[in-house]
Amino acid sequence: MKPSSTIIAILICASAIFISACGNHSPQNTETSSVVKDSTGDSAKAQPASAQKVVAAPSEPIKIRMPKQDKFADQRLNAFTVVPNELNIQIPRDKEVVYGIIIDQENAGAITTLACYQNGKTIFYESKGGTLQKKADNDAIQLVLQAKPLLDKATKAHDTSIPATGMVKFYLLTNKGIYVAAEDVKNISAHTSPWTNLFEQANKTIARLKSDKEYVISPAA
């Protein structure tokens, strides 16, 4: 056999072996598959990752509903946070002075709050809604002066809770802290309580407040 024929025969055999080897291997799938579960939780037919749908995020932000605030509670709390500096009054550090009086009364499930300060500032709140106030009032000044001798009949307040049914609470604001006394309306009406005169004066202040055109009336929230 000639050398050229031998070389041709070798090339033919090599080609046959290469073609046979390629036929035994199929192309690999580069896509990964994943098992998709339907709404019932059962496994469905496996789908390639490229075939899965991506759910887009909502275009609008989620709206969060906040609970409605209690305007009466906020206003009442503000009455307790008034300090002498806000009233433009000076109190000696070595003395304890009553500079404000807050009277809470429960009536038929509603709460009324009268706050009077030494500079004459007066505010009246009702839990059912509405606010009456005046920057300077002589009745308020007299009410605070009337409350000062009653300080020893009150105790240091641990909270500023509203009165129970049929009760009245008297909060005395001083430069040394807040004092409180609770009294039954029956005792006040029977004039057997040391707080009777103060309570009656407070009711007169409220009555005049409601009829005085100088007072500012704020509607309920």
Using a Förster distance of 25 angstrom, determine the FRET efficiency expected from the C-beta separation of LEU151 and GLN90, and round it to 0.05.
0.85
Report the residues of region 171-202 in range of a label on ASP159: point 7 Å along Cα→C-beta, backbone N strictly under 19 Å from it.
171-172, 178-184
Exposure proxy ranking, count of Cβ atoms within 10 Å, fewest first, for ARG93, ARG208:
ARG93, ARG208
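Among LYS128, LYS95, what is the fewest-to-most ranking by other Cβ atoms within 10 Å? Working shown, then result.
On the way: LYS128 12, LYS95 9.
Least to most surrounded, the residues fall as LYS95, LYS128.
Using the structure shown, select from LYS135/LYS204; LYS128/LYS148; LYS156/LYS186; LYS148/LYS186 the pairs with a Cα to Cα distance greater than 21 angstrom. List each step's numbers first, then the result.
Numbers: LYS135/LYS204 18 Å; LYS128/LYS148 30 Å; LYS156/LYS186 24 Å; LYS148/LYS186 23 Å.
Cα-Cα > 21 Å for LYS128/LYS148; LYS156/LYS186; LYS148/LYS186; rest within.
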For region 89-100, just list the computed ³J(HN,Hα) in residue order, Karplus coefficients 6.51, -1.76 and 1.60, θ = phi - 60°, integers in Hz, with x standing in for Gly and Pro.
10, 10, 10, x, 5, 7, 10, 10, 10, 7, 10, x
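Bear in mind these aren't lab numbers, they're just calculated from the coordinates by the rules spelled out. Given the structure is predicted, the values throughout are model-derived calculations rather than measurements. FYI the Cβ positions are ideal-geometry reconstructions off the backbone, even for glycines, and counts take in every protein chain you see.
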